[in-house]
Amino acid sequence: MKVCKFGGTSMASADSVRLVTDIIRQDEDRRYIVVSAPGKRFPADVKVTDALYAYGKSHDFEGIAKRYTDIADAFGVDIAPLLQDVGTQLEGTSSRDFAASRGEYLCARMLAEILGAEFVDAAGLICFDEDGELLLAESCGRLFRRLSSTHIAVLPGFYGTLPDGNIKTFSRGGSDITGAIVAAALDADLYENWTDVDGFLSADPRIVKDPCLIERLSYKELRELAYMGAEVLHPECIFPVRHAGIPINVKNTFNPTHPGTMIVADAADCPSERVVTGVAGKKGFTIINIEKDMMNSEIGFARRVLSVLEEEQISFEHVPSGIDTLSIVIRDEYVERRLPRLLLKLQNASDADNIEVHSGLALIATVGRNMASRQGTAAALFKSLAARHINVRMIDQGSSELNIIIGVDTFDYEKAITAIYHGFFK
Ligand code: ADP
Ligand code: ASP
Ligand code: MG
């Protein structure tokens, strides 16, 4: 049995939905279908989810409704009463999460109707605690009880319910997580994730032209690449499937015969000759450098610095350190408005000689399960960057040697990704 998740581009138009229905009907193992809200049909188009987030200000439901009627009409399905209900619900809500969730809700209702399959709402099945943390075991139990006697069902991705009954969404791209939870709940043989590229690529195709496709990827590599910005899969979607060891197959709705990328539990299951599997990155980081003579011998120094972050509820990405310096890499959104206060607290806690802030940092991860067993990977990486005159502001290599993370100036980001890619993939 397979659980299939179709992303926003797959659900964007009547033509793409026709491909989706063909894919589902071609294989009777494809029994549990999770959908995203309709995405972009062309580059300047607006995703339904973005239109719903803007609904609080725009109060424009007509444009959103038309996205669905354009598809439903092509299949001869009448969803006018459903749209009317949702329009009324939106008028009466101030919840951004509820509004955003209606994109997936409508899409799943519509596809169920088109396929003649059962619609099963994620509300009440996927559940969170009071703090908004996913209750994975509870959600799996509820899904299993609800779905095991259902032959073919369509579920909306992206949301679940809080203990008070209110709707809560995952972070953006979260339908990938819903698909993974459903796959785990039903102990699926395979979790197919259908998107608009042939599979997981070794670099972002919007930066590098025609990057190589990764045929097999380990869960760990997926986690590193997705977390660091390879947005083809949500970085949290491996947790539900990892425990059960369910493979994820990333496939292209627009090229369904292509085998895509298989993501499996263990690197031993996916032998590869390549040293580097892929490169991914993201912009929007700030680095705070704290300098103090003899810091290395001052017991408790790092704890005092990090406890300031804890008090301020700031999570950090990396803390590279030297003899007399400790640097903290933080996402811009954490520091934007609170930088002066944060710096003051850091100064008080550390009694530093000097604190410097550099914003405009981009992080890039070069990931490969074979890096641990080969020499010269770092040398090749830095040679590629030096050849393009790119200044590296930060270096961090995890002890697992699965990745090397570097920080570069944002204006060098695309150039650095391209240089690293061409350094390893000829
Ligand atoms: P969906 O709507 O199907 O969930 P997404 O837009 O979330 O699709 O993810 C697919 C997109 O991710 C691709 O169109 C591609 O532009 C982008 N992308 C970024 N990095 C990668 C990568 N390493 N491999 C494949 N796609 C990537
Ligand atoms: N529709 C949501 C988003 O745009 C969730 C998803 O597509 O996975 O983020
Ligand atoms: Mg996505």
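The values are calculated or read from the model by the stated rules, or taken from the named source; none is laboratory data. Fair warning: this is a prediction, and the values are worked out from it, not measured in the lab. Every residue, glycine among them, receives a Cβ derived from its backbone with ideal geometry; neighbour counts consider all protein chains shown.
I need every pair where a residue in region 229-248 that is at negative phi has its Cβ under 9 Å from the Cβ of a residue that is polar (S, T, N, Q) and more than 16 Å from ligand 1 (Cβ to nearest atom), sequence separation at least 6 or different chains.
What qualifies is P240/S139.
Could you give every pair whose Cβ atoms fall below 9 Å, whose first residue belongs to region 320-343 and is acidic (D, E), and whose second residue is in a helix (DSSP H, G or I), counting only separations of at least 6 or pairs across chains?
Sorted first by the residue in region 320-343, then by its partner, the pairs are D324/M295; D324/N296.
Just to be sure I understand the filter: pairs with C-beta atoms under 8 Å, separated by 6 or more residues or on different chains, first member in region 192-216 and part of a loop (DSSP other than H, G, I, E, B), second member of a type in the set (D, E) and away from ligand 3 (no atom under 16 Å from the Cβ). Which pairs pass?
Pairs that qualify, where the first residue is part of a loop (DSSP other than H, G, I, E, B) and the partner is of a type in the set (D, E) and away from ligand 3 (no atom under 16 Å from the Cβ), are G199/E215; I207/E414.
Take D266 and tell me if it is within 16 Å of ligand 3 (Cβ to nearest atom) and surrounded by fewer than 19 Cβ atoms within 10 Å (Cβ to Cβ).
Taking the combined requirement at face value, the residue does not satisfy it.
Filter region 246-290 down to residues that are in a strand (DSSP E or B) and among the charged types (D, E, K, R) and give me whichever is farthest from M394 (Cα to Cα). If you could, list the steps in order and put the result at the bottom.
Looking only at region 246-290, we keep the residues that are in a strand (DSSP E or B), and these are 248-252, 261-264, 278-290.
Now drop any that are not among the charged types (D, E, K, R), which leaves 251, 282-283.
On the way: K251: 35, K282: 14, K283: 14 Å.
Result: K251.
Go through K383, K426, K415 for me and flag whichever is of a type outside the set (A, V, I, L, M, F, W, C) and under 25 Å from the mean Cα position of the chain (by Cα). Write out each step before concluding.
Numbers: K383 fails: under 25 Å from the mean Cα position of the chain (by Cα); K426 fails: under 25 Å from the mean Cα position of the chain (by Cα).
Just a single option satisfies the conditions, and that option is K415.
For region 28-43: of the residues being of a type outside the set (D, E, K, R) and within 12 Å of ligand 3 (Cβ to nearest atom), which is farthest from S175 (Cα to Cα)? Steps first, answer last, please.
Kept after step one, since they are of a type outside the set (D, E, K, R), are these residues of region 28-43: 32-39, 42-43.
From what's left, within 12 Å of ligand 3 (Cβ to nearest atom): 34-37, 39.
Details: V34: 7, V35: 7, S36: 6, A37: 9, G39: 12 Å.
Filtering first and then ranking leaves G39.
How about region 162-211: which of its residues are more than 14 Å from ligand 1 (Cβ to nearest atom) and within 19 Å of H234 (Cβ to Cβ)?
Narrowing region 162-211 to residues more than 14 Å from ligand 1 (Cβ to nearest atom): 162-169, 181-190.
Selection gives I167, K168, T169, I181, V182, A183, A184, A185, A188, L190.
Within region 383-392, identify whether any single residue is in a helix (DSSP H, G or I) and surrounded by 14 or more Cβ atoms within 10 Å (Cβ to Cβ), and answer yes or no. It would help to see each step written out before you state the result.
Restricting attention to region 383-392, the residues satisfying the condition of being in a helix (DSSP H, G or I) are 383-387.
Among the residues that remain, those that are also surrounded by 14 or more Cβ atoms within 10 Å (Cβ to Cβ) are: 384-385.
Yes, region 383-392 contains a residue that is in a helix (DSSP H, G or I) and surrounded by 14 or more Cβ atoms within 10 Å (Cβ to Cβ).
When only residues in region 37-50 that are free of Cβ contacts under 8 Å to residues at least 24 places away in the same chain and under 21 Å from the mean Cα position of the chain (by Cα) count, which is nearest to ligand 2 (Cβ to nearest atom)?
Our first condition is that a residue be free of Cβ contacts under 8 Å to residues at least 24 places away in the same chain; within region 37-50, this holds for 42-44, 46, 50.
Next, only the ones that are under 21 Å from the mean Cα position of the chain (by Cα) stay: 43, 46, 50.
Details: P43: 16, V46: 11, D50: 7 Å.
Looking at the filtered set, the residue picked out is D50.
Looking at (1) within 16 Å of ligand 2 (Cβ to nearest atom); (2) crowded, with 23+ Cβ neighbours inside 10 Å; (3) β-branched (V, I, T), find the lone condition where V197 falls short.
(2)
So which pairs qualify, if the first residue must be in region 1-27 and away from ligand 3 (no atom under 15 Å from the Cβ), the second must be among the β-branched types (V, I, T) and modelled with pLDDT of 95 or more, the Cβ gap must be under 6 Å, and the two must be at least 6 apart or on different chains?
Listed by first residue and then by second, the contacts come to V3/V182; A14/I71; V17/I71; L19/T253.
Residue by residue through region 51-67, note down the ones that are farther than 18 Å from S94 by Cβ and more than 13 Å from ligand 2 (Cβ to nearest atom).
First pass over region 51-67, keeping only residues farther than 18 Å from S94 by Cβ: 62-63, 65-67.
Matches in region 51-67: E62, G63, A65, K66.
So which residues in region 162-182 are more than 14 Å from ligand 3 (Cβ to nearest atom) and either crowded, with 19+ Cβ neighbours inside 10 Å or not polar (S, T, N, Q) (or both)?
Within region 162-182, the first condition is being more than 14 Å from ligand 3 (Cβ to nearest atom), and the residues that meet it are 162-168, 181-182.
Selection gives L162, P163, D164, G165, I167, K168, I181, V182.
Quick check on region 326-343. Is at least one of its residues in contact with a Ser or Thr (Cβ under 8 Å, 6 or more places away or on another chain), part of a helix (DSSP H, G or I) and of a type in the set (K, R)?
no
How many residues are in a helix (DSSP H, G or I) and either touching a helix residue (DSSP H, G or I) at 6+ places or on another chain (Cβ under 9 Å) or at pLDDT below 95 (or both) if we restrict to region 55-87? Give the derivation first.
Step one: of region 55-87, the residues in a helix (DSSP H, G or I) are 55-58, 62-74, 80-87.
Then drop every residue that is not either touching a helix residue (DSSP H, G or I) at 6+ places or on another chain (Cβ under 9 Å) or at pLDDT below 95 (or both), which leaves 55-58, 62-65, 67-74, 80, 82-84, 86-87.
The number of residues fulfilling the criteria is 22.
Give A123, A80, A99, A108 a once-over and let me know the one that is free of Cβ contacts under 8 Å to residues at least 60 places away in the same chain, of a type in the set (G, A, S) and buried (at least 20 other Cβ atoms within 10 Å of the Cβ). Quick ask: steps written out before the conclusion?
Values: A123 fails: buried (at least 20 other Cβ atoms within 10 Å of the Cβ); A80 fails: buried (at least 20 other Cβ atoms within 10 Å of the Cβ); A108 fails: free of Cβ contacts under 8 Å to residues at least 60 places away in the same chain.
Of the residues listed, the single one that is free of Cβ contacts under 8 Å to residues at least 60 places away in the same chain, of a type in the set (G, A, S) and buried (at least 20 other Cβ atoms within 10 Å of the Cβ) is A99.
Residue under question is K209, and the condition is that it be within 14 Å of ligand 2 (Cβ to nearest atom) and over 26 Å from V20 (Cα atoms); does it hold?
Values: within 14 Å of ligand 2 (Cβ to nearest atom): no; over 26 Å from V20 (Cα atoms): yes.
Here the answer is no, as K209 does not meet what is asked.
Do you know which of the residues in region 32-52 that are within 16 Å of ligand 1 (Cβ to nearest atom) and not in a loop (DSSP other than H, G, I, E, B) is surrounded by the fewest Cβ atoms within 10 Å (Cβ to Cβ)?
Filtering region 32-52 for residues within 16 Å of ligand 1 (Cβ to nearest atom) gives 33-52.
Still in the list and also not in a loop (DSSP other than H, G, I, E, B): 33-35, 48-52.
Details: I33: 29, V34: 30, V35: 33, V48: 26, T49: 26, D50: 16, A51: 20, L52: 23.
Top of the filtered list is D50.
Could you tell me whether any residue of region 291-308 is within 29 Å of the chain's Cα centre (by Cα) and either buried (at least 19 other Cβ atoms within 10 Å of the Cβ) or touching a residue at least 60 places away in the same chain (Cβ under 8 Å) (or both)? Step through it out loud before you land on a result.
Taking region 291-308 first, the residues within 29 Å of the chain's Cα centre (by Cα) are 306-308.
Right, trim to either buried (at least 19 other Cβ atoms within 10 Å of the Cβ) or touching a residue at least 60 places away in the same chain (Cβ under 8 Å) (or both) and you get 308.
Yes, some residue in region 291-308 is within 29 Å of the chain's Cα centre (by Cα) and either buried (at least 19 other Cβ atoms within 10 Å of the Cβ) or touching a residue at least 60 places away in the same chain (Cβ under 8 Å) (or both).
Please determine, by comparing only the residues of region 111-120 that are free of Cβ contacts under 8 Å to residues at least 40 places away in the same chain and touching a helix residue (DSSP H, G or I) at 6+ places or on another chain (Cβ under 9 Å), which one is nearest to T69 (Cα to Cα).
Residues of region 111-120 free of Cβ contacts under 8 Å to residues at least 40 places away in the same chain: 116, 118-120.
Right, trim to touching a helix residue (DSSP H, G or I) at 6+ places or on another chain (Cβ under 9 Å) and you get 118-120.
Numbers: E118: 20, F119: 18, V120: 21 Å.
Out of the qualifying residues, it is F119.
Only one of G173, G160 is within 16 Å of ligand 2 (Cβ to nearest atom), part of a strand (DSSP E or B) and farther than 18 Å from T261 by Cα; which? Write out each step before concluding.
Details: G173 fails: part of a strand (DSSP E or B).
It is G160.
For T150, indicate whether it is among the β-branched types (V, I, T) and at pLDDT below 95.
On the way: among the β-branched types (V, I, T): yes; at pLDDT below 95: yes.
It is true that T150 is among the β-branched types (V, I, T) and at pLDDT below 95.
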